[in-house]
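Data first, discussion second: the structure below is written as structure tokens.
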Amino acid sequence: MGLKMRSLNWIGVAFVTLVASGAALSGCTEPKGEIAGCSSDDQCKGVRVCSPQGECVSPLALEDAGTDSGTNPGEDAGTSDAYTADASRPDADLPPEDAGEDTSTGDCNNALTAVATIESGGNSSPNAITIEPGANVTLDANASTGDISRYEWSFIDFPYASNLRHLKPNLNASGRGASFVASTLGTYVMELTVFDSANMPGCDTARVEATVATDAEIYVELVWDTPGDTDQLDGDGADMDLHYKHPDGEWGYEPLDIFWYNPTADWGIERNPRDDPELIRDDEDGAGPESIAHPQAERLKYAVGVYYYDDYGFGPSDATVRVYIDGALAHEVAGERLEGADMFYEAVTIDAATGSVSVDDKHYDGYPPTN
Ligand SMILES: [Ca+2]
Ligand SMILES: [Ca+2]
Ligand SMILES: [Ca+2]
Ligand SMILES: [Ca+2]
């Protein structure tokens, strides 16, 4: 099955690549991914560009430092879900240890008070904030009191936690606090525990939460689970693509199918961006999410599809698609298996006139044929 628009694009670039490097590319028809390293944009196929890290990535990934295309080690490189501040570090801004009286009562120290603050984009709260998808969230424990030697943050809840634990974001260390990128719609709940010098926890923990919300009329999100990939956040994983198609469009063609190659287009009223859908997050290295927001949709029917771009040897992946209408979850397709590269799944159709979602549930080997 041909790749339509982008295979034409790739052929031209591949010719240049062959001449430039002499590398054998026989049998490969995919415009992204198969070149492991790069030193210039010419070595990347399709619309890919060479990142500072020497990887071919979509231009979108470079523009948005919050994505996890593998160019942002802050989000993807770590695996820990709790950060411990070490008071013994010379640069730690922490109170000196106190060898005074023992204030422990049983299994916890009631002289320690954990106080957490959550902040994002200048919006700060001791309880809860509402943020946009992809926002960086900062947690701090500076208001905590007592002779605290150690601060520990952990996730109590996060979107998809009940069945996709691998989507728990990495918590990155930052002084007494931590930060993470909130990529998926839903609520993240974080807990702070403080410890004394004897490693006794305070009797009370503090919780804060961030709710990721959208004001787009239609918002579509794809995440995926690849059972053959034991670490799905390490920057090396399977690549699925979210597609969002206008009723007059054809899968894989710009401008009426929105996906990584065609991240936005002028739909609806010309030069009015409010009715233009946009891929707001691309992901190439496992798990997702990929997200498309359509701020104001014409009263038409829009189809949502998933293309398995490349399994990179990790085998089948299970796609989960969520459709939000007016900010509320309207439909979820959970754990739909695609066996490997070049499989396409027509998931659902959204009727913007009625705000309803109908299930298509059709699998194809390659892009669906033109009607
Ligand atoms: Ca991996
Ligand atoms: Ca992708
Ligand atoms: Ca428009
Ligand atoms: Ca990823």
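General observations
- Inter-probe distance in nm under a simple model that places probes 7 Å from Cα toward Cβ, at I156 and R274: 3.9 nm
- Using heavy atoms of the protein chains and a probe of 1.4 Å, the accessible area assigned to T226 is about 0 Å².
- Computed over protein heavy atoms with a 1.4 Å probe, the carbon and sulfur contribution to the accessible area of the range 243-371 reaches 47%.
- What a 1.4 Å probe finds exposed on the range 117-208 is 43% carbon and sulfur by accessible area, rounded to a whole percent.
- The mean accessible area for residues of the range 218-365, using a 1.4 Å probe and ignoring ligands and nucleic acids, is 37 Å² per residue.
- Among 354-361, 312-319, the order from most to least packed when residues are scored by Cβ within 10 Å on average: 312-319, 354-361
- Label zone at A128, where the point sits 7 Å out along the Cα-to-Cβ direction: the range 160-193 residues whose backbone N lies under 19 Å: 160-162, 182-192
- Note on C203 and V359: the model spin-label points, each 7 Å out from Cα along the C-beta direction, lie 5.1 nm apart.
- Per-residue packing, averaged as other Cβ atoms within 10 Å, sorts the ranges 250-263, 199-212 into the order 250-263, 199-212, beginning with the highest.
The values are calculated or read from the model by the stated rules, or taken from the named source; none is laboratory data. Only a predicted model underlies this, so the values are computations on that prediction, with no experimental measurement involved. Counting neighbours? That spans all protein chains shown, and the Cβs are built from the backbone with ideal geometry, glycine included. The area values use the complete protein model at the heavy-atom level, side chains included, leaving out ligands, DNA and RNA. Shrake-Rupley method; radii C 1.70, N 1.55, O 1.52, S 1.80 Å.
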